[in-house]
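What follows is a set of notes on a single structure, which appears directly below.
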Amino acid sequence: MILPKRLSGQGETAVSTTTAASPISHQPQTRFSQIAFVKNVSAVLPIWVFGILGWLIVLVSLRERRNYQDSWVLEDVFPYVLAFCAAFVWVLFRETHTSRITVFSALFVTILRLIPGLKYKWAYGTAVDQMVHISSIQRIMESGFPPAGTPYTDIPGMHALLGVIGMVSETAVDDVVGIAFPLILGLIPFFIYFLTSQFRINDILRNQIIIMSALAFDPYFLLIQGSPFGVLLIMLVLVLFLSREFGSIYIQLPLTIALLGSIMALTFGHGISSLIFILLIAGMPIALRVVNKFWQLPIRNQIGSGASRLFTFTVVLFSSWWMYQARGVFLIFVNQIWSFISRAEVEKAPIPSRVSELGIIDLFLIFWSLHGNIFMMALLAGIGVFILWWHRNTLSPRFHTALIALFLIELGLSGMLVGQLLTGFGNLEYFRLLGYAVVLTPFFGGAALWLIRRKSQLVWGAFLMLLILASLFQIFPYQPGIPGGDRLFAHIRSDEYLLYLHTVVTDYQKNMLDYVQTHIDPTYSIMSDRVTKDEAYRFWGPELATEYGIRYQIYATADLDEGEWDYLLLHRAGLAGPFSEQIEVRHDAQVDRILSSTDYAIVYDNGESYVLQRR
Amino acid sequence: MHPTFTLFRVLVTTGLVVLLPGYLLTYALFPLQVEFDGAQRFALSGGLGVILSIVIGTALIVLNIGLTPNSFLPTIGSITSVAVIVTWWRGGLGILRLGVQSAKLYSTIAFLLVLGVITAVFPSTRPLNNAEQYSEFYLIEQGANGLISRNENDVIMLKLSIVNNEQTKATYTIQVTHAGQTLHESEMISVVSESSWDGEIVIPFPEIENALTNPLEILLFREIDDEPYRRLTIWIGQDG
């Protein structure tokens with residue numbers, strides 16, 4: 001049986017003819033398969049296998065729990081993850097019920113996200129963002145208030161939510177971050193399910209959109225970061241907004257109340273996300289008017305006037321909060337705008353300068369580790385836009401209008417990304433913008449999947465499996481795939497990586513920092529690399545970290561000799577954790593040279609992390 | 001607390017603190033004649049639960065009350081209670097259900113409980129099964145500027161500590177050398193797993209020549225090793 005070409009579901013179409021959405025083609029009936037028991041087993045077996053493998057991943061991750069940095073996140077877990085992904089595709093192959101597909105998709109993405117939280121003793125990630133979030137949640141759990149002087153002091157929504165879970169469950173902050181955060185982010189497929197249920201969409205297309213929502217992995221997939229949480233809140237606002245615009249009269253008032261609450265949650269939950277949302281929603285009425293000029297929208301500007309009201313409320317709440325309560329964040333925002341306008345010295349270029357020194361293959365490996373899944377989502381979304389445009393006359397009017405609105409949002413986000421590239425202004429957090437853009441790709445990429453499935457279910461299944469496998473290398477950074485330092489410097493080993501994407505907080509570093517806190521007075525000047533400095537912030541808290549005032553210092557010998565410092569915190573890349581500095585100043589031979597220098601005393605040694613005292 | 005128990009605690013708490021209030025609020029907010037299927041109800045419950053927690057948590061912080069279990073739980077409990085009362089007033093308590101039939105629900109809960117017990121027992125036989133095995137070795141008191149001086153008795157006192165993270169009992173020796181000469185070798189030091197040893201090593205000062213040009217090397221050996229396992233260095237300072 002050939003799948004229908006019509007993308008709309010039963011009832012509501014732009015064209016008057018109605019065609020029931022056809023079910024997927026079943027395998028030819030044989031006498032054996034007609035036996036009820038066989039039918040039941042073949043229906044539930046994939047679900048059982050999926051469930052058991054998911055549970056096994058949890059078990060194995062707990063059993064393999066470790067306190068050091070291994071080769072990559074999926075070390076010792078990879079076979080189970082591989083089988084789990086195959087089971088997921090198998091389930092999708094057999095399952096046609098949209099709500100069940102939503103449950104499986106949410107379980108799939110949640111279990112993958114749980115792996116580092118179960119496998120590592122400390123919350124995954126060593127960047128300053130993770131450290132600030134974790135220490136803020138910890139402070140709320142200890143005192144009921146966030147620490148003063150951080151960007152999140154007056155935008156504490158995410159930390160309040162996780163802090164509450166930690167306090168009530170009486171668990172450590174690392175476990176709350178590693179377990180509760182993935183659970184909450186697992187709501188996104190359900191939000192997309194709720195949104196798509198407001199429209200008349202072909203069931204198969206709807207299923208593909210929901211499947212895509214599980215496969216559109218944000219760039220910060222494994223990390224505690226404000227952006228994914230902001231994405232969740234933006235998605236919630238959009239879901240409630242579009243449901244309200246197109247929903248029945250009975251649910252207008254409750255959806256309005258929920259919508260207003262969601263905007264408050266977004267304003268209090270993540271500052272940058274609410275700012276980005278305002279910029280996008282501000283442009284929507286204008287953009288819709290422009291679009292309407294060129295071709296008639298099925299629902300004339302209804303969504304435009306709704307967007308205007310939404311924009312007004314959001315701007316009033318946002319401005320009030322930022323200017324009167326969250327002044328610190330407001331000043332940071334103003335400074336960023338000023339640095340953009342005045343073309344002041346930019347901290348980071350959009351494209352790292354070292355890119356020109358590497359070969360094509362090395363660049364591809366790095367590119368795929370950072371953008372593999374994003375690239376495929378963007379490609380599928382681009383193809384999907386074309387497919388949806390081609391079938392636009394078969395789309396239901398509401399779905400058609402909603403797609404246009406979402407497309408305009410994607411266009412706005414893409415514009416910001418391209419604009420950042422063209423202006424050379426790298427401060428706008430490139431991966432953050434990508435994260436916002438990726439979450440909307442399912443609405444368009446789903447059409448591409450629908451087309452593949454229409455042609456051949458087998459090809460569709462194989463394509464899904466390939467898509468997941470190729471994405472694994474981005475979402476679980478495959479550190480051994482990153483080029484080694486020998487690509488650029490002959491004297492550096494191949495297993496000393498140019499870039500660390502796999503970033504684990506380890507007991508080596510924790511114990512070294514405990515030593516510093518216990519045995520070294522804050523009046524002394526302390527130097528370290530960037531990762532250690534950020535880890536100190538996380539373990540000591542903002543006040544003590546400020547009191548110690550660790551200064552960031554790379555391990556270049558000339559800088560060490562000339563710098564003013566009393567103690568140096570040193571570690572080797574690998575078991576003790578990563579580095580964010582360039583390879584030539586932190587490779588093993590450099591560390592050995594420093595350790596054997598006659599200018600320093602070694603006062604602490606745990607085999608991977610050291611404390612040096614200047615003579 | 002063992003990680004498996006932590007997992008369950010966080011799971012259950014997230015459900016109770018986020019999902020349950022949101023779920024009850026969906027019945028209070030939305031008209032009873034609007035039927036949501038299970039997945040829609042779950043989406044709304046999660047969304048409303050997240051909104052409630054963020055707004056209440058932020059309000060408690062901003063109003064200087066503080067976000068504690070004693071402030072948060074009564075607040076969200078009150079809102080949830082109001083939601084239940086509103087649902088009852090609208091005649092909807094009979095509809096309040098988990099969306100599944102009882103037999104399926106009980107068998108699902110029973111299955112999850114069995115799964116949970118197995119999950120709790122299976123990895124909990126060895127906590128942190130893949131913990132890295134290492135020891136820490138450090139000077140409890142450092143000298144000023146990396147230098148250590150003799151005391152009033154003409155000796156150098158080194159206060160040292162060994163922390164055993166080897167996951168098993170370990171035996172160490174400490175050797176102090178200077179310019180290739182062994183000045184001190186300790187007796188065997190036994191340290192139980194997950195504990196530490198603090199001790200002092202006394203070195204008579206007159207034995208050291210060329211003190212300023214060579215560091216004191218304090219080497220830690222494990223019973224099983226021939227090579228130094230850990231190494232500290234300190235410089236000898238001028239008198240006083």
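Readers should treat all values here as calculations from the given coordinates under stated rules, not as data from a laboratory. Here the structure is a predicted model, which is why all the values come from computation and not from measurement. Note that each Cβ is placed from the backbone with ideal geometry, even for glycine, and that neighbours are counted across all protein chains shown.
Taking only the Cα atoms of region A:74-168, the radius of gyration and Dmax are 18.1, 53 Å.
Volume per residue of the convex hull around the Cα atoms, evaluated for region A:220-288, comes out as 98 Å³.
Scattering from region A:108-218 was approximated by placing one identical point on each alpha carbon and applying the Debye formula without solvent; log10 I(q)/I(0) at 0.16, 0.23, 0.24 1/Å stands at -0.79, -1.19, -1.25.
Counting pairs of Cα atoms in region A:559-609, how many percent are more than 15 Å apart?
For region A:559-609, the share of Cα pairs beyond 15 Å comes to 48 percent.
Take each residue in A:126-132, count the other chain C-beta atoms within 10 Å of its C-beta, and the mean is 0. Taking Cα centre as origin and charging only the Cβ of basic (Lys, Arg, +1) and acidic (Asp, Glu, -1) residues, the dipole magnitude of the protein assembly as shown rounds to 6240 debye. When the pairs A:LYS293/A:LYS455; A:LYS510/B:LYS169; A:LYS533/B:LYS169; A:LYS119/B:LYS159; A:LYS510/B:LYS159 are compared against a 26 Å limit on Cα-Cα distance, A:LYS293/A:LYS455; A:LYS533/B:LYS169; A:LYS119/B:LYS159 fall above it. Per residue of peptide B:33-43, the mean number of Cβ atoms on other chains within 10 Å of the residue Cβ is 6.
The mean sequence distance of close C-alpha pairs (under 8 Å, at least 6 residues apart), as a share of the length of region A:469-615, puts its relative contact order at 25 percent.
Sorting the Cα pairs of the protein assembly as shown by distance into bins of 10 Å, from 0 upward, gives 2, 11, 20, 24, 19, 12, 7, 3, 1, 0, 0 percent per bin.
Phi angles of region A:473-482 translate, via the Karplus equation with coefficients 6.51, -1.76, 1.60 and θ = phi - 60°, into HN-Hα couplings of 6, 8, 6, 10, x, 7, 4, x, x, 7 Hz per residue; Gly and Pro are given as x. Normalised by the number of residues in region A:148-224, the mean separation of alpha-carbon contacts (under 8 Å, six or more apart) gives a relative contact order of 26 percent. Amide hydrogen proximity for A:THR503: with H placed 1.01 Å from N in the peptide plane, the residues at 5 or more positions away or on another chain lying under 5 Å are A:GLY125.
How crowded by other chains is A:386-397, given as the mean number of beta carbons from other chains within 10 Å of each beta carbon?
Mean shielding by partner chains, rounded to a whole number: 0.
Computed over region A:383-530, the range of Cα coordinates on each principal axis works out to 72, 35, 32 Å, biggest value leading. When shorter helices are ignored and each DSSP H run of at least 4 residues is given -39500 (n - 2.57), the per-residue value for chain A at 222 nm works out to -20000 deg cm²/dmol.
Shown in residue order for region A:232-242 are the 3J(HN,Hα) couplings computed by the Karplus curve 6.51 cos²θ - 1.76 cosθ + 1.60 at θ = phi - 60°: 4, 5, 4, 4, 5, 4, 4, 4, 5, 5, 5 Hz (x for Gly and Pro).
At q = 0.11, 0.17, 0.25 Å⁻¹, work out log10 I(q)/I(0) for region A:486-580 with the Debye formula, treating every Cα as an identical point scatterer and leaving solvent out; two decimals please. At q = 0.11, 0.17, 0.25 Å⁻¹ the computed log10 ratios are -0.35, -0.78, -1.37.
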